[in-house]
């Protein structure tokens with residue numbers, strides 16, 4: 001029943017957001033052009049880097065395209081669904097607007113997450129990201145494992161959601177106005193192959209802030225390059241971060257004191 | 001133009017910035033996260049090589065460090081489009097000040113404040129990671145950095161104003177700014193030093209002002225330009241400043257004729 005209620009609410013918020021966007025299509029079209037241009041700039045950057053080297057930490061350019069496509073895909077999916085909703089959280093907390101949601105018979109975290117679902121403008125981004133992945137696959141001419149890729153990608157999206165909700169939930173403890181900036185800067189570390197990171201940093205980005213697991217591991221899974229221990233790490237990190245994000249959110253919301261109250 | 005009233009604007013916004021000093025500090029700390037990726041990426045690209053395109057590994061890491069520091073400080077955030085859209089421009093129309101000059105001094109105040117707040121972080125990074133960085137010892141280079149950075153502040157400000165003035169004709173023009181910011185990021189050299197880009201992109205960059213708001217500044221600071229190139233670069237910065245200023249004046253006058261103080 002709870003699931004049905006959430007699905008209905010999700011559908012209603014998506015419709016409202018769509019109406020909002022279609023009432024002012026001009027700015028949203030430019031934002032979309034901007035996002036697609038950023039994809040192009042990132043690819044130009046990596047092509048320039050690959051003019052200097054044959055492989056980047058053992059990753060050839062086509063594998064990096066799959067990594068970038070995965071990075072753009074998760075970025076598009078997350079911004080179209082939960083990031084745009086969650087990034088309002090610091091303001092809700094600071095100005096006491098969270099009261100509006102807390103007094104309603106809903107799951108606050110879920111509702112805030114899907115409050116700003118964007119159906120229309122995310123489609124070209126997602127299509128472009130998939131196009132980059134397919135381009136990488138076609139050019140590499142290596143055997144691929146799509147199902148394995150999709151499974152690890154799904155885990156990556158769950159980890160991404162967990163990290164995102166943790167970043168924004170920090171504001172329950174200390175208001176961080178730059179939460180979105182922090183979120184963006186952290187995730188940008190994931191656009192590079194994990195193998196470029198050495199020593200402690202590699203472990204930090206694999207376990208403590210598992211950005212690499214979100215992006216590099218699906219790209220490795222596509223070519224069956226993921227070792228058994230890495231696969232087990234993906235499962236462990238996914239469960240651990242999901243549970244931790246729930247605990248972090250729940251204990252944070254208990255600290256919330258309406259600023260207006 | 002009497003500067004006294006604008007110094008007051010500068011001072012007022014300095015006071016406002018003081019209120020948000022902790023947030024500014026956090027902004028710089030977050031900006032430095034990208035340096036982790038930059039350091040490991042270029043360490044991998046360099047491998048055992050001593051130099052690439054004339055850069056040592058230390059120089060290229062320093063290049064990015066200065067880029068991150070500068071752009072966290074000098075990137076203009078001006079409320080012009082919002083004020084036109086919401087009709088708040090009218091408030092300034094009744095005052096004996098130039099609105100553009102008022103916004104310039106506000107932006108300059110923010111920029112200098114952010115530069116000062118970010119400086120201790122920059123120095124700390126230089127001290128901790130000194131073996132991976134290129135330390136510039138020539139005092140002239142620091143003077144050049146200040147002069148060229150000021151030139152960049154002017155160009156970026158005028159370009160931002162020009163885009164914001166589109167609001168006179170088109171609602172929510174900030175979305176256009178997002179597109180131009182992304183294009184500019186490639187030509188300023190914030191993604192990668194322009195010399196690493198394909199030749200046709202380098203050629204396009206030479207005809208745009210953006211190269212002189214990032215790449216040129218750091219190249220001169222790192223001592224990679226001779227005196228002639230430096231003076232030509234500063235001359236081009238000045239030229240772009242005057243060109244943009246002229247365009248801003250024309251667009252401002254035409255835009256004001258369309259202004260209806262809607263929402264005021």
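Pull out a ≥ b ≥ c, the square roots of the eigenvalues of the alpha-carbon gyration tensor of region B:1-51, then state rounded if a/c is under 1.5, prolate if not and a/b is larger than b/c, and oblate in the remaining case. Note, shape of region B:1-51 comes out oblate.
The angle separating the long axis of helix A:2-23 from the principal Cα axis of greatest extent in chain A is about 80 degrees. Region A:91-140 and region B:1-57 have Cα centres spaced 30 Å apart.
Annotation: for a label point projected 7 angstrom from Cα along Cα→Cβ of residue B:202, residues of region B:37-66 with backbone N closer than 13 Å are B:53-55.
Computed from the C-beta positions of residue B:22 and residue A:224, the FRET efficiency with R₀ = 45 Å rounds to 0.40. The P(r) of region B:4-258 has a tail past 35 Å containing 18 percent of all C-alpha pairs. Dividing the helix sum by the residues of chain B, where each DSSP H run of 4 or more adds -39500 (n - 2.57), gives a mean residue ellipticity at 222 nm of -23500 deg cm²/dmol.
Legend: mean number of C-beta atoms from other chains within 10 angstrom of residue C-beta atoms, peptide B:45-53, equals 2. In degrees, nearest 10, range 0 to 90: what is the angle between the Cα axis of helix B:34-46 and the longest Cα principal axis of chain B? Compared with the principal axis, the helix lies near 40 degrees.
Spin-label model, residue B:256/residue A:244: points 7 Å from Cα along the beta carbon direction are separated by 5.8 nm. Neighbouring Cβ atoms from other chains, within 10 Å of the Cβ of residues in B:188-195, number 2 on average. In whole Å, what is the distance between the alpha-carbon centres of region A:1-60 and region B:70-139? First find each Cα centre; the distance between them is then 29 Å. Note on residue B:8 and residue B:169: their simple-model spin labels are 3.6 nm apart, each label 7 Å out from Cα toward Cβ. Suppose R0 equals 35 Å; then what is the FRET efficiency for residue A:4 and residue A:97 from their Cβ-Cβ distance, rounded to the nearest 0.05? The calculated FRET efficiency here is 0.85. If the segment from residue A:154 to residue A:174 were pulled out straight at 0.36 nm per residue, it would be longer than the present Cα-Cα gap by 4.1 nm.
On full extension, the segment bounded by residue A:106 and residue A:19 gains 29.0 nm, given 0.36 nm per residue less the C-alpha separation. For region B:115-152, there are no residues whose amide N sits under 14 Å from a probe point set 7 Å from the Cα of residue B:231 along the beta carbon direction.
At a Förster radius of 41 Å, what calculated FRET efficiency corresponds to the Cβ-Cβ distance of residue A:236 and residue A:127, to the nearest 0.05? Once the sixth-power term is evaluated, E becomes 0.80. Report the normalised scattering of the protein assembly as shown as log10 I(q)/I(0) at q = 0.13 Å⁻¹, calculated by the Debye formula with identical scatterers on the alpha carbons. For the protein assembly as shown, the Cα-only Debye profile gives -1.55. Projected label points at residue B:91 and residue B:142, each 7 Å from Cα along the beta carbon direction, are separated by 3.9 nanometres.
With the biggest extent put first, the Cα atoms of region A:2-255 measure 56, 42, 33 Å across the principal axes. Between 0 and 90 degrees, the angle of helix A:228-255 with respect to the longest Cα principal axis of chain A falls at about 20 degrees.
Since every read-out is calculated from the coordinates, none of them should be taken as a lab result. Owing to the predicted nature of the structure, the values given are computational and were not obtained by experimental measurement. With ideal geometry, Cβ positions are generated from the backbone for all residues, glycine too; neighbour counts draw on all protein chains shown.
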